Amino acid sequence: MYRAYGDVEALAEAYPMMRRWVERVERVAASDRHPTRAKKHAEWREHDRYLWDTGFQWGEWTEPGVQWDPRGDFGIVATAYFARSARILADTAEILGKRDDAVRFGELSDRVAAAWRAEFVDATPKSAQSGMRLTQPTQANYVRALAFDLVEPAQREDAAARLAELIRKNGCRLSTGFLSTGLLLPTLADAGYLDLAYQVLLQPKEPGWLVMVERGATSIWEEWDGIDAEGRPHNSQNHYAKGAVSTFLHEYVAGIRPAAPGYTAVEIAPSPGGGLSNCQAILKTAAGLIDIAWTITDGVFRMRGETPQGTPTTLRLPDGGVVETVGGRFSESCPLPEATDISK
């Protein structure tokens, strides 16, 4: 809400609940351990108090081919969100001028992230060339490792390469569920794997979004095979989670991003790929209408559009060019660089 509307009052109203939630998770994490972890380590270790691995957990939920077990250890998922929630709370405290809370919860987030690494990053890779590995090496866990800044800066390149490797081994198909699907494509793009992000987006085989289209869906399914190849339905035919791919469509394909809360400053930075030759998007913001369209013809990228008059706007072109405006209509073009993929 704050990112979209810049409404500090909304943050102030929510802050007491946000704080109580994080403090509750802090108590729960420090009070007990998952039975499998307690059995493996009879004595509490220093980082155990920051691992949230007890209580009822859904985990990633609806990962393709994964049978959910209510007794399972979902600590790698929940602890990641513990660190993330504490960081959001610290950032909110800073905005609201609660400096002591900002320091306290920022430090808590750092300690939880360190505990996550201590428990879930394999400290003994098979070889020096293999790089860092997670103890539970799923696409979803690598996405969170990157999106939530859980790994050290020096580990990010290895984590991104491992995520890309898992996707390619799966036929350039995703294997994410409710929690990480919306983060997958932006994470790939930000890590330098834009081409792979488009391959996943446009994947015609199950699991993938276009399978839903091909099978007649008019809404997003709960399961990737919400209607299977034989036409049999599974679970809900109208769920929100996997539709979070719209973030990638808006902020990367069209390139519309808030450069300040409430879109009081705007960045337009399209990332074309996947063989797409044109795109158009319109976003109604509290500051006014943002309209963007781009085309690719004969190797030339052409972009036109409009942002609210008086709104600082940064236009970023695919060739690296940057144009600063104060809103209003714009029209820019550049030669389209050849697609690159740092994994090659």
Report task. May I ask you to sort Ile95, Ile290 by Cβ crowding, counting other Cβ atoms within 10 Å and putting the fewest first? Result -> Ile95, Ile290
Query - Karplus 3J(HN,Hα) series, Hz, for the range 280-292 with 6.51 cos²θ - 1.76 cosθ + 1.60 (x for Gly, Pro) - result: 9, 8, 10, 10, 8, 10, 5, 8, x, 8, 10, 10, 9
Requested in this report: Just need the relative contact order of the chain here, percent rounded to a whole number, with Cα pairs under 8 Å and 6+ apart.
Outcome: 12
Report task. Would you please name the chymotrypsin sites (Phe, Trp or Tyr not before Pro) within the range 222-300 that are DSSP coil residues with at most 15 other C-beta atoms within 10 Å of their C-beta? Result -> Tyr240
Report task. Figure the gain on full extension for Arg49 and Ala229 (residue separation times 0.36 nm, minus the Cα-Cα span) and round it to one decimal in nm. Result -> 60.2 nm
Report task. Could you tell me how many degrees, from 0 to 90 and to the nearest 10, lie between the Cα long axis of helix 8-31 and the main elongation axis, the longest principal axis, of the Cα atoms of the chain? Result -> 30
Report summary line: Sorted by chain and number, the residues with a modelled amide H under 5 Å from that of Phe301, at a separation of 5 or more or across chains, are Cys334, Leu336
Requested in this report: Using only Cα atoms, tell me the angle between helix 156-169 and the longest principal axis of the chain; keep it within 0 to 90° and round to the nearest 10.
Outcome: 80
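Pull out the extension gain between Glu107 and Glu214, defined as 0.36 nm times the separation in residues minus the alpha carbon to alpha carbon distance; nm, one decimal.
33.7 nm
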Query raised in the report: Amide H to amide H under 5 Å from Val121: which residues, 5+ apart in sequence or cross-chain, H placed 1.01 Å off N in plane?
Result: Thr135
**Report entry** Per DSSP, loop GluC sites (Glu not before Pro) in the range 258-344 with at most 15 further Cβ within 10 Å
**Finding:** Glu338
Query raised in the report: Given labels modelled 7 Å from the Cα in the Cβ direction, how far is it in nm from Tyr81 to Arg168?
Result: 3.2
Query raised in the report: Can you put Ser175, Ser331 in order, fewest other beta carbons within 10 Å first?
Result: Ser331, Ser175
Query raised in the report: So what does log10 I(q)/I(0) come out to for the chain at q = 0.13, 0.15 Å⁻¹, using the Debye formula with one equal point on every Cα and no solvent?
Result: -1.19, -1.44
Query raised in the report: Stretched out fully, how many nm does the piece from Ala14 to Leu202 gain, at 0.36 nm a residue minus the Cα gap?
Result: 63.9 nm
Query raised in the report: Say each of Asp91 and Gln237 gets a label point 7 Å from the Cα, pointing the same way as Cα to Cβ; how far apart are those two points in nm?
Result: 3.8
Query raised in the report: Which parts of the range 1-35 would a label at Asp100 reach, counting a residue when its backbone N lies under 18 Å from a point 7 Å out along Cα-to-Cβ?
Result: 15-17, 19-20, 23
Query raised in the report: Taking only DSSP H segments of four or more residues, each worth -39500 (n - 2.57), what value at 222 nm results for the chain once the sum is divided by all its residues, to the nearest 500 deg cm²/dmol?
Result: -11500 deg cm²/dmol
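No value in this document is a laboratory result; all are computed from the given coordinates. This structure is a prediction, so every number in the text was calculated from the model and none was measured. Counting neighbours? That spans all protein chains shown, and the Cβs are built from the backbone with ideal geometry, glycine included.
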